[in-house]
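K.L.:
Quick one: the structure is below, questions incoming.
Rule-based calculations on the coordinates, nothing more; no lab input. Note that the coordinates shown come from a computational prediction; the quantities given were computed from them, not determined experimentally. Cβ atoms come from the backbone with ideal geometry, glycine included; neighbour counts cover every protein chain shown.
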């Protein structure tokens with residue numbers, strides 16, 4: 001589960017991680033008042049207007065803007081809220097911006113990257129840091145892999161003091177920066193474990209200019225990103241409440257309510273499969289035969305008739321879908337149960353595009369008999385004996401429809 005930057009920032013504050021003052025707003029007038037309040041309370045000379053969406057690369061899309069007056073803040077807020085935000089991580093149509101965060105500007109002397117992620121290969125958490133902050137981490141990893149610092153954290157021990165100091169010195173921290181940076185690393189680790197996070201990222205973590213109170217500058221998190229492990233959310237009802245439905249694809253949200261794993265893609269062949277690995281293989285063989293999958297949809301190992309019916313509703317609700325391929329390997333889910341679910345779904349949903357069905361596994365002969373008998377009532381149904389045949393049939397059906 002993803003959350004907005006302002007929500008992640010609030011969790012940082014609760015765990016003692018220093019961040020600039022900020023105010024969340026929903027319209028240009030609120031943005032203007034927020035700047036005035038920060039100007040009065042925090043004595044700012046500038047502020048940053050940041051679009052609150054679940055997509056990276058906001059700055060590249062014009063969703064992060066520096067302003068130097070309340071009137072400019074209002075104007076920029078109106079611009080960002082008036083149109084979809086398009087970033088490297090959104091669809092070409094972009095996403096609607098519903099909220100902005102007005103954050104106090106700070107005088108930055110150096111930017112860093114700091115993150116915590118699960119390292120499945122090494123069975124622990126990994127602290128990732130770089131003195132090349134402010135850039136895409138993918139760019140750093142690809143072009144400057146030697147600039148990435150990795151420190152494995154044992155899950156039952158946590159980050160050890162010597163590890164935090166080691167990373168701080170490797171980043172080039174000096175004086176009080178070492179202690180402040182190390183403290184942030186420990187606080188991030190505590191937050192990660194306490195919340196069952198899957199990723200925490202600060203890009204950038206910054207050192208500000210020196211002041212009388214902070215002669216070595218302050219170490220601040222001026223960005224905050226947290227993803228949580230969906231499988232652990234049952235332990236965190238407070239975090240579940242942070243989910244923003246407006247940031248989710250409606251079809252993906254519906255699918256989750258029925259225990260389905262669904263991701264919309266750009267093709268025109270709908271896929272209904274049981275098992276994530278089989279779903280990936282199905283998409284691969286569709287591509288191999290010249291087709292383009294319209295979705296990833298895993299109905300799970302024990303798909304019910306209700307879930308399969310809803311899966312068809314979701315697939316056929318995509319106007320780009322011109323044919324559907326059902327590929328089921330019956331293990332826990334019996335093939336005859338799936339066949340009955342397909343027949344029932346045809347009665348409830350109706351099929352106005354070609355439907356190619358390949359079943360294999362438990363009770364497959366009974367399933368094939370049921371589908372053969374149903375063909376008269378479901379003229380768009382075309383059973384296939386194996387996956388290769390199914391892929392050829394469904395891609396041919398798309399070709400025939402296009403002629």
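K.L.:
Report, in cubic angstrom per residue, the convex hull volume of the C-alpha atoms of the chain.
P.N.:
Numbers: hull volume 65.7 nm³, N = 403.
Enclosed volume per residue, from the Cα hull, is 163 Å³.
K.L.:
May I ask you to order 16-22, 46-52 by the average number of other C-beta atoms within 10 Å around their residues, highest value first?
P.N.:
Details: 16-22: 18.0, 46-52: 24.3.
Highest-to-lowest ranking by the protection proxy: 46-52, 16-22.
K.L.:
Kindly put 87, 395 in sequence by how many other C-beta atoms sit within 10 Å of each C-beta, fewest to most.
P.N.:
On the way: 87 19, 395 22.
In order of increasing Cβ crowding within 10 Å: 87, 395.
K.L.:
Using only Cα atoms, tell me the angle between helix 276-288 and the longest principal axis of the chain; keep it within 0 to 90° and round to the nearest 10.
P.N.:
Value to nearest ten degrees: 70.
K.L.:
For region 134-193, what class follows from the C-alpha gyration tensor (a ≥ b ≥ c being the square roots of its eigenvalues): rounded when a/c is under 1.5, otherwise prolate if a/b is larger than b/c, else oblate?
P.N.:
oblate
K.L.:
A follow-up question, please. Looking only at 105, 290, 59, which one moves most when the chain is put into a Gaussian network model with springs between Cα atoms under 10 Å?
P.N.:
290
K.L.:
Can I ask one more? Measure off 7 Å from each Cα along the Cα-to-Cβ vector at residue 109 and residue 194, then give the distance between these two points in nanometres to one decimal.
P.N.:
In this crude spin-label approximation the distance works out to 3.0 nm.
K.L.:
Something else: I want to verify the translational diffusion coefficient of region 164-315 in µm²/s; compute it with Stokes-Einstein, Rh as the Kirkwood radius over Cα pairs, at 10 °C and 1.306 mPa s. Don't skip to the end; give the middle numbers.
P.N.:
Details: Rh = 19.2 Å.
Here the translational diffusion coefficient equals 83 µm²/s.
K.L.:
Let me ask something additional. I need 85, 114 ordered by Cβ neighbour count within 10 Å, fewest first.
P.N.:
Numbers: 85 20, 114 25.
Fewest-to-most ranking of 85, 114: 85, 114.
K.L.:
If you don't mind, there's one more thing I want to ask. On full extension of the chain, what length is gained from residue 232 through residue 93, given 0.36 nm per residue of separation minus the C-alpha to C-alpha distance?
P.N.:
On the way: separation 139, 0.36 × 139 = 50.04 nm, distance 3.25 nm.
Length difference between fully extended and current span is 46.8 nm.
K.L.:
Over region 236-296, consider all pairs of different Cα atoms and compute the Kirkwood hydrodynamic radius from their mean reciprocal separation; express it in Å, one decimal. Show your work: numbers first, answer last.
P.N.:
On the way: mean 1/r = 0.0766 Å⁻¹.
Kirkwood radius, region 236-296: 13.1 Å.
K.L.:
Related question: Can you tell me how much longer the chain between residue 240 and residue 213 gets when fully stretched, taken as 0.36 nm per residue apart minus their C-alpha distance, in nm with one decimal?
P.N.:
Contour length minus the Cα-Cα distance gives 5.8 nm.
K.L.:
Moving on. State the volume of the convex hull built on the alpha-carbon positions of region 249-402, expressed per residue in Å³ and rounded to an integer. Can you show the working numbers first?
P.N.:
Values: hull volume 13.9 nm³, N = 154.
That works out to 90 Å³ per residue.
K.L.:
For residue 146 paired with residue 276, estimate the spin-label separation in nm (one decimal), with each label point 7 Å from Cα along the Cα-to-Cβ line.
P.N.:
3.6 nm
K.L.:
What ranking of 10, 238 emerges when the number of other C-beta atoms within 10 Å of each C-beta is taken as an exposure proxy, fewest first? If you can, show how the numbers build up before the last one.
P.N.:
Details: 10 16, 238 7.
By the 10 Å Cβ count, ascending, the order reads 238, 10.
K.L.:
How far is helix 176-195 tilted off the main Cα axis of the chain, in degrees rounded to 10, range 0 to 90?
P.N.:
Here the helix axis deviates by roughly 30 degrees.
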